Amino acid sequence: PAPLDTSTCVCAYTKLSSSHTVATWRRGTAACERALQHEVGERIHGFTVSQVTDIPELSLTAVKLSHDSTGAKYLHLAREDTNNLFSVQFRTTPLDSTGVPHVLEHTVLCGSQKYPCRDPFFKMLNRSLSTFMNAFTASDYTLYPFSTQNPKDFQNLLSVYLDATFFPCLRELDFWQEGWRLEHENPRDPQTPLTFKGVVFNEMKGAFTDNERIFSQHLQNRLLPDHTYSVISGGHPLCIPDLTWEQLKQFHATHYHPSNARFFTYGNFPLEQHLRQIHEEALSKFEKIKPNTAVPTQKPWDKPREFQITCGPDALAADSSKQTTVGVGFLLPDITDTFEAFTLNLLSSLLISGPNSPFYKALIESGLGTDFSPDVGYNGSTREAYFSVGLQGVAEQDVQAVRDIIDGTIEEVLQKGFEDDQIEALLHKIEIQMKHQSVSFGLTLTSYIAPCWNHDGDPVDLLKLGSQVARFRQCLRENPGFLQEKVKQYFKNNPHKLTLSMKPDDKYFEKQTQKETEKLKQKIDSLSPKDKKQIYEKGLELQTQQSKAQDTSCLPALKVSDIEPTIPLTHLEVALAAGETPVQYCAQPTNGVVYFRAFCSLHTLPEELRPYVPLFCSVLTKLGCGLLDYRQQAQQIELKTGGMAASPHVIPDGTHLDVYEQGVLFSSFCLDRNLPDMMHLWSEIFHSPCFEEEEYFRVLVTMCAQELSNGVPDSGHLYAMVRAGRTLTPAGDLQETFSGMDQVKLMKRMVGMSDVRQVLRKLPHITKHVLNRDNMRCSVNATPQQMSLAEKEVEKFVRNVGRSKAEWKPGHLSVVEKPAPSGSSGSTHISGPRVLRKLITDPTFKPHQMKTHFLLPFPVNHVGECVRTAPYTDPDHARCGGGEGPGGRRAAAGLEGEGGLRS
Ligand SMILES: [Zn+2]
């Protein structure tokens with residue numbers, strides 16, 4: 001696999017972030033004010049300013065420029081955010097499925113003129129303080145973004161990125177390694193058979209084991225059959241071996257050219273410096289060309305079309321007779337019409353999101369399938385957007401019924417329209433998404449504008465969300481039937497409509513293998529003895545090159561003097577609510593949003609209930625509470641909050657590998673004005689959660705199970721890692737129970753049950769152990785002005801939460817009381833009482849070796865190995881690579897932080 005997750009995103013439409021990370025930047029205006037000084041027509045380092053726009057709703061100033069001698073486009077978003085981001089985007093519109101843009105994305109990272117060492121991205125990891133480095137191939141563009149908070153680091157990374165994309169070596173052996181090659185099974189033994197090898201070749205073989213991906217790929221290919229969207233930009237395993245090294249170099253010359261590039265910078269670093277470096281190191285060395293990369297508009301059909309395809313069987317399906325996917329797609333207008341795109345995106349959300357939307361009510365609750373078909377809703381990753389809806393996990397004979405429901409639902413919407421509350425909930429969601437800004441905001445913005453800008457749509461227009469919302473409201477005021485008219489135009493009377501169904505074929509993988517064998521034979525038959533000799537020699541040469549130690553001294557690196565010697569302290573205050581529950585308060589410039597989180601320890605939970613905690617968490621905020629049924633509760637959550645969620649949590653102790661804390665984390669956020677409503681909802685959920693709606697519970701269980709099993713082929717390495725850690729620490733064991741293959745199997749079993757009541761009845765038992773204030777701690781992040789109100793509301797909430805009625809029957813587990821880390825020495829300063837945590841240890845636990853193999857019918861294998869090392873506070877932890885290099889990061893990502901394990 002590639003060292004970084006250089007993945008292809010076939011559906012690259014990225015919605016504004018909904019992650020829960022709180023930004024650490026402090027609000028100021030210096031960067032925006034500086035940017036506002038620029039004037040249209042001003043010339044800076046070879047560029048000319050064409051537009052300067054203040055966008056107050058996102059607290060940023062946009063400066064648009066173009067490069068005089070090459071025509072390269074440039075957008076700078078000045079914002080008082082220290083996490084600065086750069087990206088360069090090329091319009092890559094292939095006309096075959098050889099995966100040329102994808103292979104190129106890999107190959108440019110194999111060394112460049114100034115930095116001839118292999119994998120400069122990977123090698124930069126320990127020479128840089130980057131907060132993000134990656135590359136993506138979408139259907140019609142390739143994007144190279146990075147972010148960092150350090151100015152010198154920004155220059156270093158920019159230099160590496162510019163050199164990689166504009167001056168890559170693209171050596172033949174790089175193409176062999178990354179794309180495809182013929183090689184002997186054992187490269188040292190010319191007697192062993194020749195096979196296909198190559199990073200992208202194998203990656204795409206893996207990608208094509210994912211049924212959801214196969215379905216959405218076909219949907220796009222067939223709905224937009226006229227040009228680049230009819231092919232697979234990532235490459236089809238059977239077409240990749242048709243790509244030549246010459247074609248790759250040619251594609252680079254015509255596509256990775258400044259005249260076909262869009263540069264993007266974001267953050268508080270000065271624009272002039274970026275422009276100078278980009279001009280000097282790259283653009284000044286080129287002359288303008290006419291890139292022939294534009295995508296013509298898709299010719300609309302005069303009547304609907306229909307296709308059937310096949311896929312591999314779902315090895316984890318509870319019911320093998322219900323494995324068909326059916327979806328209906330509609331062509332929508334060009335995404336560069338930003339207001340029309342905005343409107344249709346909203347309309348799609350109204351149609352499909354949440355239990356109150358018409359398609360959800362009709363399709364999901366019909367019981368005909370297990371979940372929506374993949375890529376349901378608005379897709380704006382192609383020049384003409386499209387909408388799709390359908391179901392997966394359907395019995396073959398029910399396909400027509402699903403299609404009838406879809407048509408019927410469209411009729412119903414035309415008759416009845418949408419309730420005001422639904423529209424308000426949606427506009428509220430946009431407002432809160434604009435205000436809730438995560439630490440990776442720059443990355444969110446570049447992904448948001450990339451598809452539209454790629455086709456010369458106006459990226460600045462797209463960012464003016466405030467005026468889009470205002471215009472939308474005005475349209476509704478002037479014409480109450482505004483949305484119905486759109487439904488009529490784009491759904492009811494739209495002949496460009498595709499019905500796609502996909503059913504499993506037991507021989508699918510066998511047939512794929514056979515096709516590959518034929519392809520291989522064809523290639524081998526055309527080889528002369530001289531070719532064969534060359535293949536053997538090149539295989540050896542590649543092996544020698546790969547095992548050679550790399551000289552990385554050419555790469556730039558940070559010096560200690562480039563790094564700020566101190567870290568700004570974050571001040572936290574702890575106070576006791578209701579005299580006993582610790583609440584941590586942190587005042588931050590949160591842009592009018594309040595973040596509330598609570599953690600309830602689960603140390604009293606009997607072991608037999610543990611496997612049900614993830615399910616408990618995923619249904620807790622969805623089944624209704626107090627007087628609200630599940631639909632009313634969903635409506636309230638959408639109207640008043642940015643989301644309310646519960647998730648199982650395993651926190652390994654920093655000093656002992658065998659000690660950990662288990663619990664449930666509750667997280668939520670809302671606009672300042674809605675805090676009392678949100679806390680009231682939490683009170684109702686804690687006080688009287690509802691576990692009565694059996695039918696709806698069954699719907700949620702099948703959806704959870706479907707999502708889990710869809711993820712297995714693609715995340716096999718993560719499942720392997722979690723499984724491998726299971727016998728090494730008690731926390732690893734619990735991790736497997738909560739999120740490993742055991743959990744997938746348990747969920748699948750539940751779907752097959754004729755009576756889910758026995759599972760439903762377990763949930764109130766978990767409630768007794770979790771939803772009480774005995775082992776709860778909370779945290780609030782809000783603006784200083786909101787703190788006293790927040791304190792009052794949290795106090796009220798905590799007083800309402802009951803005490804534990806559960807009695808703890810100690811099994812072989814024992815509880816260790818420990819104060820929470822006190823901060824002060826690290827990057828936090830905490831004042832107030834100390835917080836005691838109840839950790840768990842299992843004195844009978846003995847770490848031991850275990851090998852497990854899961855046999856699944858996919859042609860790609862995943863392996864994970866885990867070694868028990870040292871806890872976080874042990875000096876050896878750093879030596880084992882904790883936090884350093886990708887191994888440490890992967891371990892941290894897979895195992896929730898201070899795990900002391902290497903994967
Ligand atoms: Zn890739």
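Yes or no, residue by residue, for (1) out of contact with any Phe, Trp or Tyr (no Cβ under 7 Å at 6 or more places or on another chain); (2) at pLDDT below 95; (3) not in a strand (DSSP E or B):
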residue: H603; (1), (2), (3): yes, yes, yes
residue: E608; (1), (2), (3): yes, yes, yes
residue: V613; (1), (2), (3): no, no, yes
residue: A646; (1), (2), (3): no, no, no
residue: L657; (1), (2), (3): yes, yes, yes
residue: S667; (1), (2), (3): yes, no, no
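Here's the yes/no breakdown for (1) among the aromatic types (F, W, Y); (2) within 16 Å of the ligand (Cβ to nearest atom); (3) in a loop (DSSP other than H, G, I, E, B); (4) within 22 Å of the chain's Cα centre (by Cα):
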{"position": "S216", "(1), (2), (3), (4)": "no, no, no, yes"}
{"position": "N221", "(1), (2), (3), (4)": "no, no, no, no"}
{"position": "Y229", "(1), (2), (3), (4)": "yes, no, no, no"}
{"position": "G235", "(1), (2), (3), (4)": "no, yes, yes, yes"}
{"position": "L238", "(1), (2), (3), (4)": "no, no, yes, no"}
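Select from region 192-214 the residues that are among the β-branched types (V, I, T) and over 19 Å from the mean Cα position of the chain (by Cα) and write down the one among them that is surrounded by the most Cβ atoms within 10 Å (Cβ to Cβ). It would help to see each step written out before you state the result.
Let us first name the residues in region 192-214 that are among the β-branched types (V, I, T), namely 192, 195, 199-200, 209, 214.
Keeping just the survivors that are over 19 Å from the mean Cα position of the chain (by Cα) gives 192, 195, 199-200, 209.
Numbers: T192: 12, T195: 14, V199: 18, V200: 30, T209: 22.
Top of the filtered list is V200.
Within region 525-582, can you find the residues that are touching a Ser or Thr at 6+ places or on another chain (Cβ under 8 Å) and not charged (D, E, K, R)?
First, the residues of region 525-582 that are touching a Ser or Thr at 6+ places or on another chain (Cβ under 8 Å): 556-558, 567-574.
Those that are touching a Ser or Thr at 6+ places or on another chain (Cβ under 8 Å) and not charged (D, E, K, R): P556, A557, L558, I567, P568, L569, T570, H571, L572, V574.
Considering only residues that are within 30 Å of W453 (Cβ to Cβ) and polar (S, T, N, Q), which ones fall in region 363-421?
Listed by number, the residues that qualify are S373, N379, S381, T382, S388.
Restricting the search to region 366-386, which residues are within 13 Å of Y229 (Cβ to Cβ) and part of a strand (DSSP E or B)?
Scanning region 366-386 gives N379, E384, A385, Y386.
Looking at T61, T21, can you tell me which residue is modelled with pLDDT under 95, more than 16 Å from the ligand (Cβ to nearest atom) and polar (S, T, N, Q)?
T21
I'd like to check something: does region 189-196 contain any residue that is within 14 Å of the ligand (Cβ to nearest atom) and within 24 Å of H236 (Cβ to Cβ)?
No, region 189-196 contains no residue that is within 14 Å of the ligand (Cβ to nearest atom) and within 24 Å of H236 (Cβ to Cβ).
How about region 777-805: which of its residues are of a type in the set (D, E, K, R), touching a Lys or Arg at 6+ places or on another chain (Cβ under 9 Å) and surrounded by 17 or more Cβ atoms within 10 Å (Cβ to Cβ)?
R777
Being β-branched (V, I, T) and touching an Asp or Glu at 6+ places or on another chain (Cβ under 9 Å) is the filter here, so list the residues in region 751-790 that pass it.
Residues satisfying the conditions are V751, V756, V780, T783.
Checking D189 against (1) among the acidic types (D, E); (2) farther than 24 Å from T107 by Cα; (3) touching a Gly at 6+ places or on another chain (Cβ under 6 Å), only one condition comes out false. Which one?
(3)
Please count how many residues of region 248-276 are assigned to a helix (DSSP H, G or I) and buried (at least 18 other Cβ atoms within 10 Å of the Cβ).
10
Residue by residue through region 667-695, note down the ones that are surrounded by fewer than 20 Cβ atoms within 10 Å (Cβ to Cβ) and of a type in the set (S, T, Y).
S667, S683, S688
Take the residues in region 121-164 that are within 16 Å of the ligand (Cβ to nearest atom) and assigned to a helix (DSSP H, G or I), then tell me which one is nearest to H455 (Cα to Cα).
A164
At least 3 residues that are touching a residue at least 12 places away in the same chain (Cβ under 8 Å) and closer than 30 Å to K846 by Cβ in each: list the helices (runs of 4 or more DSSP H) lying fully within region 732-807 that qualify.
741-752, 763-770
From Q662, Q706, which residue is of a type outside the set (V, I, T) and farther than 30 Å from K838 by Cα?
Q706
Can you pull out every residue in region 300-332 that is within 18 Å of N379 (Cα to Cα) and surrounded by fewer than 17 Cβ atoms within 10 Å (Cβ to Cβ)?
Step one: of region 300-332, the residues within 18 Å of N379 (Cα to Cα) are 300, 326-332.
Residue satisfying the conditions is P300 alone.
So, in region 471-528, how many residues would count as being polar (S, T, N, Q), assigned to a loop (DSSP other than H, G, I, E, B) and surrounded by fewer than 16 Cβ atoms within 10 Å (Cβ to Cβ)?
Summing the residues that are polar (S, T, N, Q), assigned to a loop (DSSP other than H, G, I, E, B) and surrounded by fewer than 16 Cβ atoms within 10 Å (Cβ to Cβ) in region 471-528 gives 4.
I'm told R118 meets every condition in (1) surrounded by fewer than 24 Cβ atoms within 10 Å (Cβ to Cβ); (2) under 29 Å from P270 (Cα atoms) except one. Can you identify the failing condition by its number?
Every condition holds for R118 apart from (2).
Of all residues in region 40-55, which are surrounded by 13 or more Cβ atoms within 10 Å (Cβ to Cβ), modelled with pLDDT of 95 or more and of a type outside the set (D, E)?
Once the filter is applied, which keeps residues that are surrounded by 13 or more Cβ atoms within 10 Å (Cβ to Cβ), modelled with pLDDT of 95 or more and of a type outside the set (D, E), region 40-55 yields I44, H45, G46, F47, T48, V49, S50, Q51, V52, T53.
Which residues, taken from region 79-120, are within 16 Å of the ligand (Cβ to nearest atom), assigned to a loop (DSSP other than H, G, I, E, B) and among the β-branched types (V, I, T)?
T92, T98 - these are the residues of region 79-120 that are within 16 Å of the ligand (Cβ to nearest atom), assigned to a loop (DSSP other than H, G, I, E, B) and among the β-branched types (V, I, T).
Name the residues in region 341-372 that are among the hydroxyl-bearing types (S, T, Y) and under 29 Å from Q468 (Cβ atoms), would you?
Once the filter is applied, which keeps residues that are among the hydroxyl-bearing types (S, T, Y) and under 29 Å from Q468 (Cβ atoms), region 341-372 yields T343, S348, S349, S353, S357, Y360.
Is there any pair with a first residue in region 228-254 that is on the phi > 0 side of the Ramachandran plot and a second that is outside any loop (DSSP other than H, G, I, E, B) whose Cβ atoms are under 8 Å apart and which are 6 or more apart or on different chains, and what are they?
These pairs meet every condition: G235/V100; G235/H102; G235/V103; G235/V200; G235/F201; G235/M204.
Of the residues that sit in region 543-568 and are closer than 18 Å to F175 by Cα and within 34 Å of the chain's Cα centre (by Cα), which one is surrounded by the most Cβ atoms within 10 Å (Cβ to Cβ)?
My answer is Q546.
Just to be sure, is R610 surrounded by fewer than 18 Cβ atoms within 10 Å (Cβ to Cβ), within 18 Å of Y360 (Cβ to Cβ) and in contact (Cβ under 8 Å) with a residue 24 or more places away in the chain?
For R610, the condition - surrounded by fewer than 18 Cβ atoms within 10 Å (Cβ to Cβ), within 18 Å of Y360 (Cβ to Cβ) and in contact (Cβ under 8 Å) with a residue 24 or more places away in the chain - is not met.
Please go through region 738-762 and pick out each residue that is under 21 Å from L665 (Cβ atoms) and crowded, with 19+ Cβ neighbours inside 10 Å.
Listed by number, the residues that qualify are F738, S739, G740, Q743, M747.
The values are calculated or read from the model by the stated rules, or taken from the named source; none is laboratory data. This structure is a prediction, so every number in the text was calculated from the model and none was measured. In this analysis, Cβ positions are derived from the backbone assuming ideal geometry, glycine residues included, and neighbour counts consider all displayed protein chains.
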